[in-house]
1. What spacing in nm lies between the two simple spin-label points modelled at Ile286 and Lys112, each 7 Å away from Cα in the Cβ direction?
2. Using Cα pairs closer than 8 Å and at least 6 residues apart in sequence, work out the relative contact order for the chain, in percent.
3. Quote to one decimal, in nm, the extra length available between Ser295 and Asp62 on full extension: 0.36 nm per residue of separation minus the C-alpha distance between them.
4. Counting only residues 5 or more places away or on other chains, whose amide H sits under 5 Å from the amide H of Ile286 once H atoms are built in the peptide plane?
5. Can you spot the aspartates and glutamates whose alpha carbon is less than 13 Å from Lys243's alpha carbon? Ignore those fewer than 8 places along the same chain.
6. What is region 256-304 by shape, rounded, prolate or oblate, if you read a ≥ b ≥ c off the alpha carbon gyration tensor as root eigenvalues and call it rounded for a/c under 1.5, prolate for a/b larger than b/c, and oblate otherwise?
7. Which of the helices in the chain, when you take each full DSSP H run, stretch at least 27 Å along the axis at their Cα atoms and have an average Kyte-Doolittle score of 0.5 or higher?
8. List the aspartates and glutamates whose Cα lies under 12 Å from the Cα of Lys112, skipping any in the same chain that are fewer than 8 positions away.
Amino acid sequence: MTVQPPRTSGASTAGAKDRATPLDVAAIRADFPILGRTIRDGRRLVYLDSGATSQRPRQVLDAERSFLENSNAAVHRGAHQLAEEATDAYEGARDRIARFVGVEADEVVFTKNATEGVNLVAYAMSNAATSGAEAERFRLGPGDEVVVTEMEHHANLVPWQQLCERTGATLRWFGVTDDGRLDLSDVDGVITDRAKVVAFAHQSNVLGTVNPAERIVSRAHEVGALVVLDACQSVPHAPVDFKALGVDFAVFSGHKMLGPSGVGVLYGRRELLAAMPPFLTGGSMIELVHMERSSFAAPPQRFEAGVPMTSQAVGLGAAVDYLRAIGMDHVAEHERQLTELALRELSVIDGVRIIGPTSTEHRGGAVSFVIDGVHPHDAGQVLDDQGVEVRVGHHCAWPLHRRMGIPATVRASFYLYNELDEVKALVDAVREAQRFFGVA
């Protein structure tokens, strides 16, 4: 598959030498068939829900279709040509995805999504109690601590709650400030020498906050804790290098970064994966099988039991090719401009309150807000009537919403294919919601 080169307009951004060249968004949008449709009695589709799931360009759709039409077969088994082609496509995707996040191919485990990736690590820690000496680092028990944050998606909270219940370890967490930042005023007091795991979101899916990974990782490693990074909202939107960040594990999902649903990635440092017991067992992940016992394959195959999501992995490889050709610095700068405009325009509407940081410093493109006198679900319906598709609810972050003193929010989330005039459409739709409910 050939991906077109970065689509930029050729003009530099307003005098800032460190800013990337703006994208040719019209050319990018032409790659996304769904963005040309209309909804709600002929209204133009304004898709502002990429934080939940992104749309897919033709290049990704074509790559997955081409694989299924020409090379579909079981990977890592069979000596026939289709099996060889399928294996090459699957492993080729792994290699390109690994390079995209700055790691080695044998450190990339394919999962069905990021949630499974977190659970894989958490359950491996549970299984470590009955594993050999090489798994000692993964064992938890009473007196040990697992540290998370109050802004986590449930996928990076509930598995750790369950791990603590199974092992007797204690769950601790960093709080969130009123302006939507992690409260790191007592890092040493939260991450103590009893910490065995520190798990946190690189970027909040609600607040947009980009957390200071280096500071948290440094303290965690100082006390010998393993670091698990939820990178679902950062890898699709900005340059991310897991090696440079120094994390031990990281997860992200394909469907949030122009790829298929049903495929995700777990990154793990090579030596840690080699020492970690498996989560699921069965075919494909074995070395030898006897009636009495079995031994397991080396990573990453050890953690990919059964027939994998082959065509989806191929599609994710194509998505990575597309993003790499565009340039992640270009993507990040484009989203910064969209976010800056949204924050500015929404914040001047009486009765609208931004939940989270109100500047673009250390912030991504998820903008959550509430409208006085209008429930987020009602607001979402009015916005939908205007053709503006946003997310409403607690966004799988119930504790965070409780901390902010609200039951739910409206969330607009931006991506490389969104245009500045779509921000205007959002703002106009919010004003229409106020008029409709008589709170303008």
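Values quoted throughout were computed directly from the atomic coordinates according to the rules given, and no laboratory measurement underlies them. Values in this document were obtained by computation on a predicted structure and should not be read as measured data. For neighbour counting, all protein chains shown are included, and Cβ atoms are generated from backbone atoms with ideal geometry for every residue, glycine included.
1. It works out to 2.2 nm between the two label points.
2. Working: 889 pairs, mean separation 94.6, N = 440.
Once normalised by length, the contact order is 21 percent.
3. Working: separation 233, 0.36 × 233 = 83.88 nm, distance 3.88 nm.
Between Ser295 and Asp62, full extension yields an extra 80.0 nm.
4. Ala297
5. Cross-link targets: Glu104, Glu107, Glu214.
6. Values: a/c = 3.65, a/b = 1.79, b/c = 2.04.
Note, shape of region 256-304 comes out oblate.
7. Working: long enough: 81-100 (28 Å, -0.84); 328-347 (28 Å, -0.65).
Helix filter hits for the chain: none.
8. Glu304
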